[in-house]
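Scroll down for the structure; my scribbles are underneath it.
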Amino acid sequence: GLLGEGGMCATAADLARLPVALVGSGWLTGRSLGRMIAPTILNDGTVIDYGFGTRGGLLGRHRAWGHTGGGLHGSWAAVAYYPEQRVSVAVAANGTGGDVDAAVLQGQIAALALGVEPPAATVPDQRSIQTLAGTYVRGERATCFFSSAGKLMRVREGQAGPPTPLFQQDQATFARLDHPLDRLVFQFEGRDAVAYRVYYDGLFSESWRRARGRFCTGASANVGR
């Protein structure tokens with residue numbers, strides 16, 4: 001826990017230089033770099049925004065790639081590169097487990113540097129709600145999306161608190177006002193939503209696949225049918 005992930009030691013300044021060097025130093029060919037940062041398609045067709053050792057990113061409308069690393073009871077670091085603006089942001093922090101860690105700080109700093117606006121509190125198109133409503137799974141966990149008062153709502157299976165309202169930013173992208181840098185991006189096959197990706201504070205974190213015939217229980221019973 002005293003060293004970075006894989007034993008790599010670096011300062012925040014060195015981490016910030018790393019993506020810039022990968023892009024412009026000639027260490028990698030353009031083709032190799034493109035493969036490294038490209039999304040991956042899983043065997044079931046789900047697209048995850050994770051390449052060869054890089055997380056894809058979406059901060060507002062700005063694309064990015066980078067990674068986070070560290071260990072429990074040790075140090076934590078995050079680095080992201082925003083190619084359209086040629087901006088690199090890195091944060092290194094001692095300690096983990098707090099509400100504000102290196103990944104959160106990276107997103108907040110990048111949002112200030114890039115002028116990211118808060119998400120729009122829009123009401124989604126009602127046809128979109130019907131297309132997206134349903135149950136999605138990640139391992140044994142399930143999440144339901146449903147319509148309420150004209151809004152798209154999300155609730156985790158067994159969730160004790162109230163559902164989370166989501167606000168449509170474009171056809172496939174939704175935001176939440178309580179965590180304004182987070183995004184949910186749905187994947188479609190034809191007109192059907194089959195999966196969605198989650199970006200926390202600008203970097204890809206996880207993906208969920210639609211589960212036909214499974215419905216949430218507990219606090220979210222009768223939701224997503």
Answer with yes or no whether Arg214 is of a type in the set (D, E, K, R), touching a strand residue (DSSP E or B) at 6+ places or on another chain (Cβ under 6 Å) and either open to solvent by less than 10 Å² (accessible area, probe 1.4 Å) or in a loop (DSSP other than H, G, I, E, B) (or both). yes
Subset of the range 168-192 [closer than 19 Å to Gly56 by Cβ and surrounded by 15 or more Cβ atoms within 10 Å (Cβ to Cβ)]: Gln169, Ala172, Thr173, Phe174, Ala175, Leu181, Asp182, Arg183, Leu184, Val185, Phe186, Gln187
Sort out which residues of the range 38-77 are touching a His at 6+ places or on another chain (Cβ under 9 Å) and free of Cβ contacts under 8 Å to residues at least 24 places away in the same chain, and write them in order of number. Gly53, Thr54
From the set of residues in the range 70-83 that are at pLDDT below 95 and closer than 22 Å to Ala113 by Cα, which is surrounded by the most Cβ atoms within 10 Å (Cβ to Cβ)? Ala78
Within the group Gln130, Gln159, Gln108, which residue is farther than 30 Å from Phe215 by Cα and either open to solvent by 20 Å² or more (accessible area, probe 1.4 Å) or in contact with a Cys (Cβ under 9 Å, 6 or more places away or on another chain) (or both)? Gln108
Would it be correct to say that Arg138 is more than 22 Å from Glu206 (Cα to Cα), charged (D, E, K, R) and either touching a Gly at 6+ places or on another chain (Cβ under 7 Å) or open to solvent by 60 Å² or more (accessible area, probe 1.4 Å) (or both)? no
Check Ala93, Ala120 and return the single one that is aliphatic (A, V, I, L, M), more than 30 Å from Gly158 (Cβ to Cβ), crowded, with 18+ Cβ neighbours inside 10 Å and at pLDDT below 90. Ala93
Where residues in the range 17-62 are surrounded by fewer than 19 Cβ atoms within 10 Å (Cβ to Cβ) and polar (S, T, N, Q), which of them is nearest to Ala110 (Cα to Cα)? Ser25
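The values are calculated or read from the model by the stated rules, or taken from the named source; none is laboratory data. What you see is a predicted model, and the numbers here were worked out from it, not measured in a lab. Every residue, glycine as well, gets a Cβ built from its backbone with ideal geometry; the counts of neighbours run over all protein chains shown. Quick note on the areas: whole protein, heavy atoms, side chains included, nothing else; ligands and nucleic acids left out. Shrake-Rupley method; radii C 1.70, N 1.55, O 1.52, S 1.80 Å.
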